[in-house]
Amino acid sequence: MIIKLESVKKIYGETIKNTVLKGINLEIEKGTFNAIIGQSGSGKSTLLNIMGTLDKESEGEVYINGVSTKSLSKNDISALRNKEIGFIFQFHHLLPEFNAIENIMMPALIEGVKDAKTISKRAEFLLDKVGLLKLKNNMALNLSGGQQQRVAIARALMNSPEIILADEPTGNLDSDTTMEIYNLLREINKEFGTTFIIITHDNRIASLADRIIEIENGEIAKD
Ligand SMILES: Nc1ncnc2c1ncn2[C@@H]1O[C@H](COP(=O)(O)OP(=O)(O)O)[C@@H](O)[C@H]1O
Ligand SMILES: [Mg+2]
């Protein structure tokens, strides 16, 4: 089990309590490709952010690779997140005034653990993997939506994470590009054994996943 949630609750508000997650139990198997579906406001993003340690549960316990995040300090959690988890969002948050390869290298350069040459080699390998090596010097601003999302995918892979969490990664892409991006994510899943958890509104993508988890009103309605 690469991720395990035990009775995870998320409660917002002090006076008026809004229980957004109502005691989620969930185990994600290593190397699988999982879809999360559900209506808007059902708690999907909250759930994903808690699995990714970007947000903290109000109650319950989250295990990443068997390690309870409760047992870790803030710094240890950041380190774990950096090493094990890559994120892809609907709006890719690329730096518009930097080119494709710089956008991929940036997080690793900021972290400063490896030398620039190793980092640029890896970034080029990943750009090639997502089919954009030819555009490596193009400004992010001048790439199409689908191309920008490919760069964001390459960036998420930079630290060779075991887990990729994606929140509606194809939400603002057309139907053909959505399928291309899905195929690319599946390829990465097969080739590197990366575990994927993807929130999607797209029924085609959900139906192609290994597993579909449906969230309804803060609970798992179907699995
Ligand atoms: N930071 C927050 N503060 C208060 N309420 C929040 C916060 N984030 C999300 N919520 C509430 O939690 C519920 C679930 O939100 P979310 O997880 O974003 O749903 P989904 O991704 O399924 O659309 C919503 O009712 C939303 O208003
Ligand atoms: Mg959401």
Say whether the condition of being at pLDDT 95 or above, within 16 Å of ligand 1 (Cβ to nearest atom) and in a loop (DSSP other than H, G, I, E, B) is met by at least one residue in segment 14-30.
-> no
Only unsatisfied item for Ser40, checking (1) hydroxyl-bearing (Ser, Thr, Tyr); (2) surrounded by 12 or more Cβ atoms within 10 Å (Cβ to Cβ); (3) part of a loop (DSSP other than H, G, I, E, B); (4) within 16 Å of ligand 2 (Cβ to nearest atom), is (2)
Unique residue being in contact (Cβ under 8 Å) with a residue 12 or more places away in the chain, of a type outside the set (Lys, Arg) and either touching a Pro at 6+ places or on another chain (Cβ under 9 Å) or open to solvent by 60 Å² or more (accessible area, probe 1.4 Å) (or both) when the list is Glu102, Glu59 = Glu59
With the condition kept exactly as written, say whether any residue in segment 163-174 is part of a helix (DSSP H, G or I) and surrounded by fewer than 22 Cβ atoms within 10 Å (Cβ to Cβ).
-> no
Scan segment 130-147 residue by residue and report those that are buried (at least 21 other Cβ atoms within 10 Å of the Cβ) and either within 18 Å of the chain's Cα centre (by Cα) or within 16 Å of ligand 1 (Cβ to nearest atom) (or both).
-> Val130
Scan (1) at pLDDT below 90; (2) under 13 Å from the mean Cα position of the chain (by Cα) for the single condition Asp167 breaks and write down its number.
-> (1)
If you go through segment 43-52 one residue at a time, do you hit one that is exposed (fewer than 14 other Cβ atoms within 10 Å of the Cβ) and either away from ligand 2 (no atom under 15 Å from the Cβ) or on the phi > 0 side of the Ramachandran plot (or both)?
-> no
The condition from (1) modelled with pLDDT of 95 or more; (2) more than 25 Å from Asp128 (Cβ to Cβ) that Ser71 misses is numbered (1)
Looking at this structure, is Val62 within 16 Å of ligand 2 (Cβ to nearest atom), over 15 Å from Val151 (Cβ atoms), in contact with a helix residue (DSSP H, G or I) (Cβ under 6 Å, 6 or more places away or on another chain) and not in a helix (DSSP H, G or I)?
-> no
Test each condition in (1) more than 27 Å from Phe33 (Cα to Cα); (2) buried (at least 17 other Cβ atoms within 10 Å of the Cβ) for Ala154 and report the one that comes out false.
-> (1)
What residue, among those in segment 201-220 that are closer than 28 Å to Thr19 by Cα and modelled with pLDDT under 95, is least open to solvent (accessible area, probe 1.4 Å)?
-> Ala206
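The values are calculated or read from the model by the stated rules, or taken from the named source; none is laboratory data. Here the structure is a predicted model, which is why all the values come from computation and not from measurement. Neighbour counts are summed over all protein chains in view; Cβ atoms, including those assigned to glycine, are modelled from backbone coordinates with ideal geometry. SASA here: full protein model, heavy atoms, side chains in, ligands and nucleic acids out. Shrake-Rupley method; radii C 1.70, N 1.55, O 1.52, S 1.80 Å.
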